[in-house]
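A short write-up of the structure that comes next.
The values are calculated or read from the model by the stated rules, or taken from the named source; none is laboratory data. Computed from a predicted structure; not experimentally measured. Note: ideal-geometry Cβ built from the backbone for every residue, glycine included; neighbour counts use all protein chains shown. What goes into the accessible areas is simple: the full protein's heavy atoms, side chains included, and nothing from ligands, DNA or RNA. Shrake-Rupley method; radii C 1.70, N 1.55, O 1.52, S 1.80 Å.
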Amino acid sequence: MNALDGLDEQQREAVTALRGPVCVLAGAGTGKTRVITRRIAHGVDTGAYSPGRVMALTFTSKAAGELRGRLRALGVEGVAARTFHSAALAQLNYFWPTLAGDRPPAIIDNKVRVLAHAADGIGRDLDTPTLRDVAADIERRKVTMCTIDDYARVRAGATIGRLSASAVIDLHRAYEALKDERRQMDFEDVLLACAGMLETEAHVVTAVREQYRHFTVDEYQDVSPLQHHLLELWVGDRRDLCVVGDASQTIYSFAGADPRFLIDFPHRWEDARVVQLHRNYRSDAAVLAVANDLMRERPGAVELTAVTETASGASAPTVSAYRDEVDEARGVAARIS
């Protein structure tokens with residue numbers, strides 16, 4: 001299959017933009033994954049890319065697997081299609097034995113369990129919901145790249161359940177001390193350790209930048225400050241970076257995602273090529289009219305155009321608002337009943 005087959009005008013423009021900083025603003029249902037994989041395949045087909053020097057980053061293992069599967073179907077093998085964490089962990093596992101003379105620390109598979117042990121160590125018996133909230137707070141501290149002392153100032157006075165602000169910070173410290181004692185890392189530590197390695201070891205960053213020359217980032221609206229920092233270390237002063245996303249689809253803000261990285265991309269890269277994908281292949285015109293109305297005032301929103309017209313006689317979609325999630329659940333159940 002030719003990588004350019006079956007593309008609409010905007011998709012083709014994005015797929016053939018192989019060099020320099022590229023920003024693809026891809027609204028819902030506009031063929032985002034098709035564009036990402038076809039662009040990489042087109043780069044390989046034309047000789048612009050060597051597959052082994054391409055890194056395609058996304059946010060879930062499932063999405064990374066889909067990228068690899070679609071690339072294989074296009075005849076492209078050897079592209080590093082990974083999550084941020086997977087890419088960082090692979091680099092740590094490769095370089096750590098040389099740098100430290102031993103194996104890297106084990107990865108924690110359950111942060112809440114370790115946090116419960118840390119809480120016990122400082123004389124606190126906490127229920128699971130509280131532990132989960134503190135675990136999320138620890139994750140937010142790390143993805144925003146705050147030290148514990150800085151974070152204590154940032155969240156001064158903020159409580160979690162019955163825990164005072166100082167008690168929460170005590171748990172942060174106890175959790176980190178227990179991990180160090182057990183020689184363990186959590187998933188955020190993987191990104192932090194990889195970034196630290198690249199910042200301090202000149203031969204490591206040289207080797208990584210020699211290996212990977214062309215970067216594509218899927219769902220760029222969902223990158224956190226830490227992921228963005230790591231991406232900048234990987235890219236260095238090169239320019240072959242393509243980001244794809246839609247600010248209206250930011251779903252990881254609770255985990256530190258910041259859509260401003262996507263919205264501000266054309267300002268950071270003044271000569272960036274910006275392509276909008278607005279032809280929606282998923283929903284009919286009536287649904288998109290409501291979606292466009294809801295999103296019109298949001299920064300970076302893409303106005304969607306329907307490829308499928310609303311069927312004759314179909315009722316227009318309605319929008320219902322509720323006080324909270326419990327009220328919403330009752331309202332939806334009542335409508336279904």
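A few notes on this one:
- With respect to being acidic (Asp, Glu), over 27 Å from Val79 (Cβ atoms) and under 22 Å from the mean Cα position of the chain (by Cα), Asp170 falls outside the description.
- Number of positions in the stretch 236-266 that are without any contact (Cβ under 8 Å) to a residue 60 or more places away in the chain, closer than 14 Å to His214 by Cβ and either small (Gly, Ala, Ser) or open to solvent by 60 Å² or more (accessible area, probe 1.4 Å) (or both): 1
- Of all residues in the stretch 126-147, those satisfying the criterion of being surrounded by 14 or more Cβ atoms within 10 Å (Cβ to Cβ) and without any contact (Cβ under 8 Å) to a residue 60 or more places away in the chain are Leu126, Thr130, Leu131, Arg132, Asp133, Val134, Ala135, Asp137, Ile138, Arg141, Cys146.
- Taken together, Gly29, Gly47 contain a single residue that is at pLDDT below 95, over 24 Å from Ser224 (Cβ atoms) and either small (Gly, Ala, Ser) or part of a loop (DSSP other than H, G, I, E, B) (or both), which is Gly29.
- Considering the stretch 277-293, the residues that are of a type in the set (Gly, Ala, Ser) and without any contact (Cβ under 8 Å) to a residue 40 or more places away in the chain include one that is most open to solvent (accessible area, probe 1.4 Å), namely Ala289.
- Candidate set from the stretch 50-64 (those that are assigned to a helix (DSSP H, G or I) and free of Cβ contacts under 8 Å to residues at least 40 places away in the same chain); member that is surrounded by the most Cβ atoms within 10 Å (Cβ to Cβ): Ala64
- For the stretch 65-95, filtering for residues that are under 23 Å from Asp186 (Cα atoms) and in contact (Cβ under 8 Å) with a residue 24 or more places away in the chain leaves 13.
- Counted as qualifying within the stretch 65-149 are the helices (runs of 4 or more DSSP H) with 1 or more residues that are among the basic types (Lys, Arg), namely 111-121, 128-143.
- Subset of the stretch 294-337 (residues that are surrounded by 10 or more Cβ atoms within 10 Å (Cβ to Cβ), β-branched (Val, Ile, Thr) and in a helix (DSSP H, G or I)): Val332
- Of all the residues in the stretch 185-232, those that are surrounded by fewer than 19 Cβ atoms within 10 Å (Cβ to Cβ) and among the small types (Gly, Ala, Ser) number 4.
- Meets criteria (surrounded by 13 or more Cβ atoms within 10 Å (Cβ to Cβ) and either at pLDDT below 95 or under 30 Å from Arg19 (Cβ atoms) (or both)) for Val154: no
- Every condition in (1) free of Cβ contacts under 8 Å to residues at least 12 places away in the same chain; (2) not in a loop (DSSP other than H, G, I, E, B) is met by Gly6 except one, and the failing one is (2).
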